[in-house]
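Every read-out reported here was derived from the displayed coordinates using simple, explicitly stated rules and does not represent laboratory data. In this text, all values refer to a predicted model and were calculated from it rather than measured experimentally. Cβ: placed from backbone, ideal geometry, glycine included. Neighbour counts: every protein chain shown.
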Amino acid sequence: MLSGHAENFFSESKEVPIAGQMPGVMKKSGLSARQEAQARADMYGFLAAVYLRPPTPDLVRHLVAEDFLEELSSLFGEEIVADLKKFAADTHPDSDFAALDQEYMNLFAVPTGRYVTPFEDVYQGQTVDGMLKRGPLMGERAIAARRIYRAAGADMDRTCKELPTHIGVELSYMSFLCERQAAAIRDEAEQVLPDGEKGTAADSVRYRELQIKFLNEHLNAWFPQLSRSIQANAKSPFYRGLARITEAFLAYDTTGLLGLF
């Protein structure tokens, strides 16, 4: 779907992969560069959905599946996955689904009580008299985020009701960049220049560099604060666990992109 010359990277109706469909992001060995980029796109798309929408029973069942939890444990360590494992052991997703849905509303949708305000603007405020003050919504950071998206050839779908600095939208943008990287790798492999050489890797490298820049200047700069807020305000280990896994995945992916594995 196109909007002008920019490709929409977030749509309320976009199909998002569930956890059980993306084991490749956990097992990089054996994956081609294109497959790895697509697997990362799927993971970012999945995490985006976690914060943008109340959970579905199908998503919850896949998230707490034993094989998926073990994969997460092998990648991030038992401590990071402990909350999700506790949720899986103590909770029946179907019988407790109403409580989980309410937990989502309390944390991410209704600005009262335990609301964590899931926007970069709030956590990346300004320092006044040595004190960090929470920033305003739809301020300079929101305008800058939209410009970043458009400069990369992306735009928010008109059906998106969230601000450009919502955590789910920023994760969706990372999914978009990974998808474009995967497509560029495919196109470069298929392109044959007049002298018989393969196409250059300029486009795939560009999308990789955009990912590193956005992680360093945005997601890694503020999500750890949001994660702490979620862990302090969530009653269920479900969202505490997802926050810890998101934070761990962002660090893991940044390390991988920088070639530090």
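Fewest to most neighbouring Cβ within 10 Å: what's the order for Val110, Val50?
Val110, Val50
Would the stretch 36-123 count as rounded, prolate or oblate if I go by the C-alpha gyration tensor, calling it rounded below 1.5 in a/c and otherwise prolate when a/b exceeds b/c, oblate otherwise? Because a/c hits 1.5 or more and a/b fails to exceed b/c, the stretch 36-123 counts as oblate.
Neighbour counting of Cβ atoms within 10 Å sorts the residues Tyr104, Tyr123, fewest neighbours leading, into Tyr104, Tyr123.
Taking Lys and Arg as +1 and Asp and Glu as -1, the other residues whose beta-carbon sits under 11 Å from that of Thr165 total -3.
Suppose R0 equals 30 Å; then what is the FRET efficiency for Ala99 and Lys213 from their Cβ-Cβ distance, rounded to the nearest 0.05?
Values: r = 39 Å, r/R0 = 1.31.
Taking R0 as 30 Å, the efficiency between Ala99 and Lys213 is 0.15.
Each peptide in 74-83, 174-183 receives the mean, over its residues, of other Cβ atoms within 10 Å, and ordering these scores from highest gives 174-183, 74-83. Each of Ser73, Ser204, Ser32, Ser236 has some number of other Cβ atoms within 10 Å of its Cβ, and from fewest to most they run Ser32, Ser73, Ser236, Ser204.
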